[in-house]
Structures are given as C-alpha cells and as structure tokens.
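K.L.:
First the structure, which I've put down as structure tokens, then a few questions once you've had a look.
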Amino acid sequence: MRMMLKTNQNGGFDCPGCAWGDSPESGMVKFCENGAKAVNWEATKRRVDPAFFARYSVSSLMEQSDYWLEYQGRLTEPMSYDAETDRYKPISWDSA
C-alpha cells in the first residue's frame, strides 16, 4: 500500500499502467484501478528464475492465461529465446 501512495506524486514515480497526467494539485489517490494492479504486479516478491524456463517450453507457456503467466513472478535476469529448444535461456547483462 505504501507504494500506491507514491504513484503519480511529486517525489514518487509515474504509474507503469496508465497515462495519468501530472497535475500540481496534491491528493492522496492519483491512480486508476489498472494502475493499482500494475504497481502491485511490479512489486511482487515472486521470481521466475532459469529453472522455470528449463521446465516450460515457450509453446507450453503460450497455452497459459495471462493471469497465470503474471502470477509466476518477475524475471531475475535477461533471457533470450532459443528456437532450437523452444525455451528461453539466460544471457549476460552485457549481451542483453
């Protein structure tokens, strides 16, 4: 909840989910429902590591719902698609 109070505020950050305009007025709530969802998904502690991508091919991931995919968590490192194996594999930050 603390993060939501910094959304679209002076000294805070712009919402990753909407185009809420900057305004000089202060106010406690400056985000929409989609913005609240986006901020909460970004703030999740769930992580998707290379073992996840070793377990699932891209074809199998494409069969999952958007909700299921988002619920798995955030990436922990850059990934690159390997067409030969139909899987994502980790790459270095320099290669990304």
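The values are calculated or read from the model by the stated rules, or taken from the named source; none is laboratory data. Note that this is a predicted model, so its numbers are computed, not measured. Counting neighbours? That spans all protein chains shown, and the Cβs are built from the backbone with ideal geometry, glycine included.
K.L.:
Among the residues of segment 50-96 satisfying the criterion of being aliphatic (A, V, I, L, M) and part of a loop (DSSP other than H, G, I, E, B), which is nearest to A38 (Cα to Cα)? So that I can check it myself, show each step before the final result.
P.N.:
Restricting attention to segment 50-96, the residues satisfying the condition of being aliphatic (A, V, I, L, M) are 51, 54, 58, 61-62, 69, 75, 79, 83, 91, 96.
Applying the additional criterion that residues be part of a loop (DSSP other than H, G, I, E, B) yields 83, 91, 96.
Values: A83: 30, I91: 26, A96: 24 Å.
This residue is A96.
K.L.:
Sticking with this structure for a sec: When the residues of segment 27-57 are filtered to those that are modelled with pLDDT of 90 or more and of a type in the set (S, T, Y), which remaining residue is farthest from G73 (Cα to Cα)?
P.N.:
Among those that are modelled with pLDDT of 90 or more and of a type in the set (S, T, Y), it is S57.
K.L.:
Does any residue in segment 38-51 that is within 19 Å of K89 (Cα to Cα) come within less than 9 Å, Cβ to Cβ, of a residue that is part of a loop (DSSP other than H, G, I, E, B) and acidic (D, E) six or more places away or on a different chain, and which pairs are these?
P.N.:
Qualifying pairs under 9 Å: D49/E77; P50/E77.
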